[in-house]
Amino acid sequence: MQQGLLLVNLGSPASPQTADVRTYLKKFLSDRSVIEMPPALWQPILRGMILPLRSWRSATFYQHIWTKEGSPLIVYTQRITQQVQSQLPNWDVRYAMTYGDPDIAQTLQNMVQAGCDNIVLLPLFPQYTQSTHDAIFKQVATSQAPLTTIRHFYQDGAYLDLLANQVWQAYRQADFDAVLFSYHSIPSAMVAHGDPYPTECEATTQGVLDRLPNLPATKVQTVYQSKFGPMPWQKPYLKNTLMQLVELGKRRVLIATPSFVADCLETLEEDYVQNYQVFKASGGDTFQMVPPMNDDPRFATVLADLAQRKVRDDHA
């Protein structure tokens, strides 16, 4: 039996040029898992207003973060995949993207053709939410590949141990007034309809606190970032919280971003540039980020163990 593992991340434009960014945004923002508004109402807004205005602006942001190797999110996902493959030498380990290349369904079909008769699907999102996972599940369904799915891993002990270690190493570097755990926000309507994401985010923060008794809980707050569009999203918003902290005299801030396992536009541009500028302009002093997991080999170990455990549990 050939065992397979497919790691799935969100995706990235093929290049930081406006045309490629527009193509990426059109596919991403047309997904009903992300935007629930009826297409008859949403598509004219998307095509007539959002894409013409947002594509070139987002392209400038992607140009800021693009590396010689390409998109940071793609590069780190490739490295993570290579590291997991080295830890699972008898497995066929590959990666795919929800939006962009490699395509999820095609990659699964390629794995089946290569001899995989059991595939573990592992989305690289620790916390489950409709807006990330359902799009993956819809694409997976079209492949008809034999697979089993790890829906989330926010509660995994090894993952929380590693996240806590990263937070503590950063926290020790300065006398911080506040520690913010910033997660990608989702529309409030999804939460009202029962999406468990905020609960899993809060549990992630608490899981780290449980492992760091010397980190004062009074300094820690769960916030959300990357809101899109005019409708209300899960609060409190990171940007507003940063300004409020300065007003309270808390000018030294550490930010962890547990919902992002790899550096991407949200961490490198939104946080390191835009939110940093807002914080400094408001009178803030120290602004430091806890790096995502990226290509930390310990994270590859977490993922490899998750996959092996899933197979054992399924055959128990």
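Where does each of Ser182, Ser131, Ser12, Ser86 land when they are ranked from fewest to most other beta-carbon atoms within 10 angstrom?
Ser86, Ser131, Ser12, Ser182
Out of residues 5 or more away from Thr257 or on other chains, whose amide H comes under 5 Å of its own, with H placed 1.01 Å from N in the peptide plane?
Ser182, Val290
Name the long-range amide H neighbours of Val220: under 5 Å, sequence gap of 5 or more, or other chain; modelled H, no Pro or chain starts.
Hits under the 5 Å cutoff: Val179.
Based on the Cα gyration tensor of the chain, what are the three equivalent ellipsoid semi-axes, each the root of five times an eigenvalue, rounded to whole Å and given largest first?
31, 26, 18
Step through the residues of region 3-15 one at a time and calculate ³J(HN,Hα) from phi using the Karplus curve (6.51 cos²θ - 1.76 cosθ + 1.60, θ = phi - 60°), rounding each to whole Hz and writing x for Gly and Pro.
Listing the rounded values in order: 8, x, 9, 10, 8, 10, 10, 5, x, 7, x, 5, 7 Hz.
How big is region 11-117 on each of its three principal axes, counting only the C-alpha atoms and giving the largest first in Å?
50, 33, 18
Explain nothing, just compute: Karplus ³J(HN,Hα) = 6.51 cos²θ - 1.76 cosθ + 1.60, θ = phi - 60°, for every residue of region 291-301 in order, whole Hz, x for Gly and Pro.
With coefficients 6.51, -1.76 and 1.60, one gets x, x, 4, 6, 9, 4, x, 5, 5, 4, 5 Hz.
By how many nm would the segment from Asn240 to Arg54 grow when fully extended, if each residue of separation counts as 0.36 nm and the alpha-carbon distance is taken off?
64.7 nm
What pairs from Lys68/Lys239; Lys138/Lys239; Lys27/Lys310; Lys227/Lys310; Lys68/Lys227; Lys219/Lys239 go past 25 Å between their alpha carbons?
Flagged as over cut-off: Lys68/Lys239; Lys138/Lys239; Lys27/Lys310; Lys227/Lys310; Lys68/Lys227.
Cα to Cα, under 15 Å, and not fewer than 8 places away if on the same chain: which aspartates and glutamates meet these conditions relative to Lys235?
Excluding near neighbours in sequence, the set is Asp195, Glu200, Glu202.
When the Cα centres of region 257-296 and region 51-93 are compared, how far apart do they sit, in Å?
Computed from Cα coordinates, the inter-centre distance equals 17 Å.
Give me the one-decimal nm value for the distance between modelled label points at Asp31 and Gln87, 7 Å along each residue's Cα-to-Cβ direction.
2.5 nm
Take the Cα gyration tensor of region 157-289, multiply each eigenvalue by 5, square-root it, and list the three semi-axes largest first, rounded to whole angstrom.
21, 20, 13
Values quoted throughout were computed directly from the atomic coordinates according to the rules given, and no laboratory measurement underlies them. Everything quoted here is computed from the prediction, not taken from an experiment. Here the Cβ is made from the backbone with ideal geometry for all residues, glycine too, and neighbour counts use every protein chain on show.
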